[in-house]
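The values are calculated or read from the model by the stated rules, or taken from the named source; none is laboratory data. Treat the numbers as computed from the prediction; the structure is a model and nothing was measured. When we count neighbours, we look across all protein chains shown, and the Cβ atoms used for this are built from the backbone with ideal geometry, even at glycine. The accessibility values were calculated without ligands, DNA or RNA, using every heavy atom of the protein model including side chains. Shrake-Rupley method; radii C 1.70, N 1.55, O 1.52, S 1.80 Å.
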Amino acid sequence: MNMENLTILDHPLIQHKLSILRDKHTGAKQFRELVGEIATLMCYEATRDLPLEDVEVETPITRTVCKQISGKKLAIVPILRAGLGMVDGIYQLVPSVKVGHIGLYRDPETLQPVEYYCKLPSDIKDREVIILDPMLATGGSAAAAIDFIRKRTDRSIKFMAIIAAPEGVKKIHEKHPDVHIYCAAMDEKLNDHGYIVPGLGDAGDRIFGTK
Ligand code: PRP
Ligand code: URA
């Protein structure tokens, strides 16, 4: 596995929150809150290389030159539905971020992604993009979303998942070696239904209470 394009964010706070997320007894309200909180903590690292520029500031003591993030050139793209659960967590740190949406679901028989919605910021080609989805399983949904966005921008694309499976990471590294993956945990494997083991079950259902 190419660790150059993979960052596992195993900060103690993230690990602790992830353990509660995995617990099948955790209800939808707490699940949603935790997904948001983990996304905030992950965002802190995934935005580490945002470009800075000088800004002059007058403190109560003197004038000084310090740093600000240059331009407003970031977009996040949650994959519907479960990626929506991560959006508020990113807004907490980057309130001006633009948000695109890609609707994909996995066909339960073939596990192939089916696209049903897409709306991206009109200036997507000028923005760095972070795609959000709590689960990177076979990698089919992630690869489809990256394909779609790559056709519309030459700039950096990152993928942020909470739990990744080795199969999904391998697929993205093979098909999109330029995409850096951030996850909070690398789990063991997929089961026969394409679910991550041990995982947390169906993220969309647990966020929206649909099962
Ligand atoms: C889940 C998850 C990912 C996808 C991951 O979505 O949120 O988008 O599966 O699986 P993959 O890596 O094998 O493609 P799902 O298809 O269940 O749709 P939902 O979010 O609408 O529930
Ligand atoms: N999608 C989910 O929501 N969970 C999994 O374990 C795999 C795909």
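Please go through segment 131-181 and give me each residue that is in a loop (DSSP other than H, G, I, E, B) and near ligand 1 (Cβ under 8 Å from one of its atoms), ordered by number.
Across segment 131-181, the qualifying residues are 133, 134, 137, 138, 139, 165.
Do you know which of the residues in segment 193-211 that are more than 13 Å from residue 167 (Cβ to Cβ) and in contact with a Gly (Cβ under 8 Å, 6 or more places away or on another chain) is nearest to ligand 2 (Cβ to nearest atom)?
Residue satisfying both the conditions and the ranking: 203.
Select from segment 128-142 the residues that are crowded, with 24+ Cβ neighbours inside 10 Å and either within 15 Å of ligand 2 (Cβ to nearest atom) or free of Cβ contacts under 8 Å to residues at least 60 places away in the same chain (or both) and list them in ascending order.
129, 131, 132, 133, 134, 135, 136, 137, 139, 141, 142
When residues of segment 44-67 are filtered for being open to solvent by less than 80 Å² (accessible area, probe 1.4 Å) and either small (Gly, Ala, Ser) or out of contact with any Phe, Trp or Tyr (no Cβ under 9 Å at 6 or more places or on another chain) (or both), how many remain? Walk me through it before giving the result.
We begin by selecting, within segment 44-67, every residue open to solvent by less than 80 Å² (accessible area, probe 1.4 Å); these are 45-47, 50-51, 53, 55, 57, 59, 62, 64, 66.
If we keep only those that are either small (Gly, Ala, Ser) or out of contact with any Phe, Trp or Tyr (no Cβ under 9 Å at 6 or more places or on another chain) (or both) too, we end up with 46-47, 50-51, 53, 55, 57, 59, 62, 64, 66.
The qualifying residues number 11.
On the basis of being more than 17 Å from residue 4 (Cα to Cα), open to solvent by less than 10 Å² (accessible area, probe 1.4 Å), part of a loop (DSSP other than H, G, I, E, B) and within 12 Å of ligand 1 (Cβ to nearest atom), does residue 204 make the cut? Steps first, answer last, please.
Details: more than 17 Å from residue 4 (Cα to Cα): yes; open to solvent by less than 10 Å² (accessible area, probe 1.4 Å): yes; part of a loop (DSSP other than H, G, I, E, B): no; within 12 Å of ligand 1 (Cβ to nearest atom): yes.
Against the criterion (more than 17 Å from residue 4 (Cα to Cα), open to solvent by less than 10 Å² (accessible area, probe 1.4 Å), part of a loop (DSSP other than H, G, I, E, B) and within 12 Å of ligand 1 (Cβ to nearest atom)), residue 204 does not qualify.
With 122, 96, 70 as the choices, which residue is open to solvent by less than 40 Å² (accessible area, probe 1.4 Å) and out of contact with any Ser or Thr (no Cβ under 7 Å at 6 or more places or on another chain)? Break it down into steps so the answer makes sense when it comes.
Working: 122 fails: open to solvent by less than 40 Å² (accessible area, probe 1.4 Å); 96 fails: open to solvent by less than 40 Å² (accessible area, probe 1.4 Å).
Going through 122, 96, 70 in turn, just one is open to solvent by less than 40 Å² (accessible area, probe 1.4 Å) and out of contact with any Ser or Thr (no Cβ under 7 Å at 6 or more places or on another chain): 70.
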